[in-house]
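Trainee: This is the structure, below, for whatever I ask next.
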Amino acid sequence: MDLAAAIAATREIALVDCLTLWLTNVVLAERDVEEAIAALVAAMAARNGPLVAVSNEVGEGIVPGTPLGRRFRDWQGVLNQRVAEAATDVVKLVAGCPLIVKPRTEPEPQL
């Protein structure tokens, strides 16, 4: 549950798989989701070593039929946005094909 502490304690490359499962646990435990996301993003930003975080996109499908499902979908969107904002690179996989959403550096202009 304390993913922020686990990330802060790791100095080597870290793989978090997956943020969606972590968020599910936070929501179902009725913890302060805003606080948990803020702590996670702060821990990610403070790292010196490489970190790969895997997450699901849940907002592109149908609207969940339950209030809990809709709240979870909304929180997942908040989590993904905040992690993406703090990240140097964001890659979305569609059918196994990578789509670069946010590159680390600007591409060189092609003339």
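The values are calculated or read from the model by the stated rules, or taken from the named source; none is laboratory data. Computed from a predicted model, the values in this text were never measured in an experiment. Neighbour counts run over all protein chains shown; Cβ positions are idealised from the backbone, glycine included.
Trainee: Just to check your reading of the model, which residue among 58, 26, 16 is of a type outside the set (Phe, Trp, Tyr), part of a helix (DSSP H, G or I) and either touching a residue at least 12 places away in the same chain (Cβ under 8 Å) or surrounded by 11 or more Cβ atoms within 10 Å (Cβ to Cβ) (or both)?
Mentor: None of the others qualify; the one that does is 26.
Trainee: On to the next question. Within region 7-16, track down each residue that is farther than 17 Å from residue 82 by Cα and at pLDDT 95 or above.
Mentor: Answer for region 7-16, where residues must be farther than 17 Å from residue 82 by Cα and at pLDDT 95 or above: just 15.
Trainee: Condition test on residue 99, is it of a type in the set (A, V, I, L, M), surrounded by fewer than 11 Cβ atoms within 10 Å (Cβ to Cβ) and either in a helix (DSSP H, G or I) or touching a strand residue (DSSP E or B) at 6+ places or on another chain (Cβ under 7 Å) (or both)?
Mentor: It is true that residue 99 is of a type in the set (A, V, I, L, M), surrounded by fewer than 11 Cβ atoms within 10 Å (Cβ to Cβ) and either in a helix (DSSP H, G or I) or touching a strand residue (DSSP E or B) at 6+ places or on another chain (Cβ under 7 Å) (or both).
Trainee: Residue 16 - would you say it is under 13 Å from the mean Cα position of the chain (by Cα) and β-branched (Val, Ile, Thr)?
Mentor: Yes, satisfied.
Trainee: Ok, one more. Got a sec? Which of 86, 53 is within 15 Å of residue 4 (Cβ to Cβ), surrounded by 11 or more Cβ atoms within 10 Å (Cβ to Cβ), out of contact with any Ser or Thr (no Cβ under 7 Å at 6 or more places or on another chain) and at pLDDT below 95?
Mentor: 86
Trainee: Would you point out which residue out of 84, 38 is over 10 Å from the mean Cα position of the chain (by Cα), in a helix (DSSP H, G or I) and closer than 24 Å to residue 11 by Cα?
Mentor: The match here is 38.
Trainee: Scan region 70-81 residue by residue and report those that are under 14 Å from residue 101 (Cα atoms) and surrounded by 13 or more Cβ atoms within 10 Å (Cβ to Cβ).
Mentor: 80
Trainee: Here is a follow-up. Quick one: is residue 2 without any contact (Cβ under 8 Å) to a residue 24 or more places away in the chain, over 15 Å from residue 77 (Cα atoms), surrounded by 12 or more Cβ atoms within 10 Å (Cβ to Cβ) and among the acidic types (Asp, Glu)?
Mentor: Yes, satisfied.
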